[in-house]
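All remarks here apply to the structure that follows.
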Amino acid sequence: MLFAFICTDKPDGLPVRMAHRPEHLAYLKGLGRALKFAGPFTAEDGETMNGSLVVIEADSLATAREIASADPFAKAGLFASVEIRPWLWSLGKPEEKA
């Protein structure tokens, strides 16, 4: 089952984000095939990162929560909120042909 992590940074969290970004990226890469896609939300300028969207495959919501809580950003206290929702990938899957 797929789960979407919708994460919102705390106000003025950019320094924390930048300090822990290398470990965060390494953690996500370490998830291997469980990671479907990920990237930062941005402010209206399209550059200033202020949150994260991560989609993973996991056996259960409990496992998804464990993965989210082990993220270095979460451990550093970057997020004001993290919503974890089951998600169905309906369109635009990589294996689909245009």
Query raised in the report: Restricting the search to the range 47-61, which residues are closer than 14 Å to residue 14 by Cα and either β-branched (Val, Ile, Thr) or loosely packed, with under 13 Cβ neighbours inside 10 Å (or both)?
Result: 47, 48
Report summary line: Over the range 20-46, the set of residues crowded, with 18+ Cβ neighbours inside 10 Å and of a type in the set (Ser, Thr, Tyr) is 27
Query raised in the report: Do you know which residues across the range 1-21 are within 15 Å of residue 72 (Cα to Cα) and either assigned to a helix (DSSP H, G or I) or acidic (Asp, Glu) (or both)?
Result: 9, 14, 15, 16, 17, 18, 19, 20, 21
Query raised in the report: Is there a residue being in a loop (DSSP other than H, G, I, E, B), at positive phi and in contact (Cβ under 8 Å) with a residue 24 or more places away in the chain anywhere in the range 45-57?
Result: no
Query raised in the report: In the range 62-98, how many are in a helix (DSSP H, G or I) and loosely packed, with under 13 Cβ neighbours inside 10 Å?
Result: 4
Query raised in the report: Which residues, taken from the range 22-37, are farther than 14 Å from residue 4 by Cα and either touching a strand residue (DSSP E or B) at 6+ places or on another chain (Cβ under 6 Å) or assigned to a helix (DSSP H, G or I) (or both)?
Result: 22, 23, 24, 25, 26, 27, 29, 30, 32, 33
Query raised in the report: Quick check: anything in the range 50-73 in contact with a His (Cβ under 7 Å, 6 or more places away or on another chain) and farther than 25 Å from residue 88 by Cβ?
Result: yes
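Throughout, read-outs are computed from the coordinates displayed, never taken from laboratory work. Being a predicted model, the structure only gives us computed values, none of them experimental. Counting neighbours? That spans all protein chains shown, and the Cβs are built from the backbone with ideal geometry, glycine included.
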